[in-house]
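Written out below as structure tokens is the structure these notes cover.
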Amino acid sequence: MLKAIDVANFFIYLLSDKEDEENDLTNMKLNKLTYYAQGQFLKTNGKPLFSEGVEAWRHGPVVPSVYYAFKENKNNPIKNFSGDFDISKYTDEEKEVMLDVAFDKGRYSAITLRNMTHKPGGPWAQSYNGSLFATISNDLIKEYFCKHDVLEPLELDLSDCEVIGHRDNDGYLVLPKEYDC
């Protein structure tokens, strides 16, 4: 099982070089993405993505180890990993969920993500009590993610794409002779 900092480092790997100032990868945004990854992994795989707990803080779900690892950045964009980063440590299932979260939620600002996690009846709203240390249980996160489509389904418009080749009975792509290198 991953540590939350491994999940955060994966998002830094994917999103830290974006040139979109409104959607910079700040500590707040990184914590929200880590939370969404935990919820989506609980939904799709039935077990946690990372071992640490998520807490309900004033500005939404926070993984304390991630927050404190990047606290010195304040509201500035995060550009560097915490510790070492090794892409080979992640399973395909872990990468798939984190890529889905990055694609769907990575386009939003930290404040927008904060507001999304504050929905009435959501895990944060059910857990927040004005304290920094109110735990959001994995059971509550899983239940919410299983009942709601938190990630928007990927919609690809392939109508303008030129199709070259076909799949044979064994599933292999067969290309026309002029495309066979």
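Of note:
- Rg to Rh, two decimals, where the chain supplies the alpha carbon set and Rh follows Kirkwood: 1.06
- Distant-in-sequence amide contacts of V54, defined by a placed amide H-H separation under 5 Å and a gap of 5 or more residues or a different chain, comprise I136.
- Top of A56, A69, A37 by mean-square fluctuation, Gaussian network on the chain, Cα under 10 Å: A69
- Cβ-derived FRET efficiency at R0 35 Å, N80 paired with A125, nearest 0.05: 0.60
- When nucleic acids and ligands are ignored and a 1.4 Å probe is applied, M28 ends up with an accessible area of around 50 Å².
- Spin-label zone in segment 121-156 - amide nitrogen under 20 Å from a point set 7 Å from the Cα of L99 along the C-beta vector: 150-156
- On the beta carbon distance between R107 and N45, with R0 = 30 Å, the FRET formula returns roughly 0.80.
- Of the DSSP H helices in the chain, those whose Cα atoms cover at least 15 Å axially and whose Kyte score averages 0.0 or more: 4-15
- Out-of-range pairs (alpha-carbon distance over 19 Å; input K43/K95; K74/K95; K3/K47; K43/K89; K29/K79): K74/K95; K43/K89
The values are calculated or read from the model by the stated rules, or taken from the named source; none is laboratory data. Predicted model only: the values in this text are computed from it and were never measured. Virtual Cβ from ideal backbone geometry, glycine too; neighbours counted across all protein chains shown. When the accessible area is computed, the model is the full protein with side chains, heavy atoms only, and any ligands, DNA or RNA have been set aside. Shrake-Rupley method; radii C 1.70, N 1.55, O 1.52, S 1.80 Å.
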